[in-house]
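Undergrad: Here it is: the structure, laid out below.
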Amino acid sequence: MTDTAANPAEVAVRSRLFQQFVGRIRSRRSSIGIGDAGWGRTVLAAIVSFIYFFPVFWIILTSFKTYEDALAVPAKFFFTPTLDNFVHVFSRAYSAGGPVQDTGFALYFFNSLFISGVSVLLALVIGTVAAFGFSRYPLKGNDTYLFMILTTRMLPAIVVIIPIFIMFRVTGLAGTYLGIITLYTVFNLPFAIWMMKSFFDELSPDVEDAARIDGSSDIRVFFKICLPQVLAGLAATAVFGLILTWNEFLFALLLSGVETRTVPVAMSQTIGGDIGVRWGLLAAIETLFLIPVIIVTFALQNQLLRGVTFGTVKR
């Protein structure tokens, strides 16, 4: 009689312990990022992510290798790391047995940061205002104007470089910060306008109309109501614009001067010469070149995720 009465209690205890165990497993899965996706999808996503990230990983790994280790066959995954490549980024000999000289990389790095940051900021400011105008105050033939703006970005850089080079020579803008910043701003504007217009189109005009009824001006509506709602779009546009400008090579090569040269142009200087291609040095420059974009992307990742998915889900 006692055993029979104890069985239900024992079953209840075991059931409760099992539920606690399952809860711990689920919480552990959620804490490591698996959640409802399941192990299969998580493993598949990890494999795909590794395939995409492996070239970046290999660049970072090569930056810590000596010249011999970088050219070793088969490739070395385990080696004695060295920081010589990062030292040579800033000062090195350009020929075998030649004197060690300052490479000017610190200036090139500053130029890339300054030119990219200012041009993206200008394109974002001008493009946001223009996009708001196209979205809220459409003109007759609005789509035609937007298409004409977009066509300026469709042409490859190699097609327009000759007339732009001639204009820069005539106006004296070649080799100046003003010239290269203006050029990058103009080329980023179509992308900024189209991106931001799509975000403004997703906003409901009811709140704006209510604010105007309460006496708010168009400027106040723009800054106090519309702009705070498209911060995610601003972040997404800024990141994509920064990547496009940060990686640009042709314009920087032909239109910048010694004092306005950017990092992509400096990378080309490591190829050729008496010593040959210094793969470790090139990888070290690329590693340093990746850091600002990675920092900006991670700092804005939440806004970026909301920005690229804005308007896809009806609320």
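Undergrad: Skipping prolines and chain starts, which residues have an amide H placed within reach, meaning under 5 Å, of the one on ARG92, given they are 5 or more residues away or on another chain?
TA: GLN101, THR103
Undergrad: How do MET267, MET154 rank when sorted from fewest to most other Cβ atoms within 10 Å of their own Cβ? Present the calculation step by step, with values, prior to reporting the outcome.
TA: Numbers: MET267 17, MET154 9.
Taking fewest neighbouring Cβ atoms as first place, the list is MET154, MET267.
Undergrad: Roughly how large, in nm² to one decimal, is the mean projection of the convex hull of the alpha-carbon atoms in segment 105-308? Display every interim value, and only then the final one.
TA: Values: hull surface 55.9 nm².
Convex hull of Cα atoms, orientation-averaged projection: 14.0 nm².
Undergrad: In what order do TRP39, TRP279 fall by count of nearby beta-carbon atoms within 10 Å, going from fewest to most? Walk me through the numbers before you get to the answer.
TA: Numbers: TRP39 9, TRP279 19.
Ranked by crowding around the Cβ, least crowded first: TRP39, TRP279.
Undergrad: By average Cβ neighbour count within 10 Å, what is the ranking of 118-131, 66-79 from highest down?
TA: Numbers: 118-131: 20.2, 66-79: 12.6.
With the highest mean Cβ count within 10 Å placed first, the list reads 118-131, 66-79.
Undergrad: Kindly state, as a whole number, the per residue volume in cubic angstrom of the convex hull around the alpha carbon atoms of segment 208-253.
TA: Values: hull volume 3.6 nm³, N = 46.
That works out to 79 Å³ per residue.
Undergrad: Sticking with this structure for a sec: Could you list ARG153, ARG169 so that the one with the fewest beta carbons within 10 Å of its beta carbon is first and the one with the most is last?
TA: Values: ARG153 15, ARG169 12.
By the 10 Å Cβ count, ascending, the order reads ARG169, ARG153.
Undergrad: Based on the Cβ-Cβ distance of GLN229 and THR144, what FRET efficiency does E = 1/(1 + (r/R0)^6) give at R0 = 25 Å, to the nearest 0.05? Could you put the intermediate results ahead of the total?
TA: Working: r = 28 Å, r/R0 = 1.11.
My answer for the efficiency is 0.35.
Undergrad: Here's something else I'd like to know. Please give the length that would be gained between ILE291 and ASN247 if that part of the chain were fully extended, namely 0.36 nm times their separation in residues minus their C-alpha to C-alpha distance (nm, one decimal). Mind dumping the intermediate values first?
TA: Working: separation 44, 0.36 × 44 = 15.84 nm, distance 1.29 nm.
Gain on extension, ILE291 to ASN247, equals 14.5 nm.
All of the numbers you see were taken from the coordinates with simple rules; none came from a lab. The shown structure was predicted, so the numbers you read here are calculated from the model rather than taken from an experiment. Every residue, glycine as well, gets a Cβ built from its backbone with ideal geometry; the counts of neighbours run over all protein chains shown.
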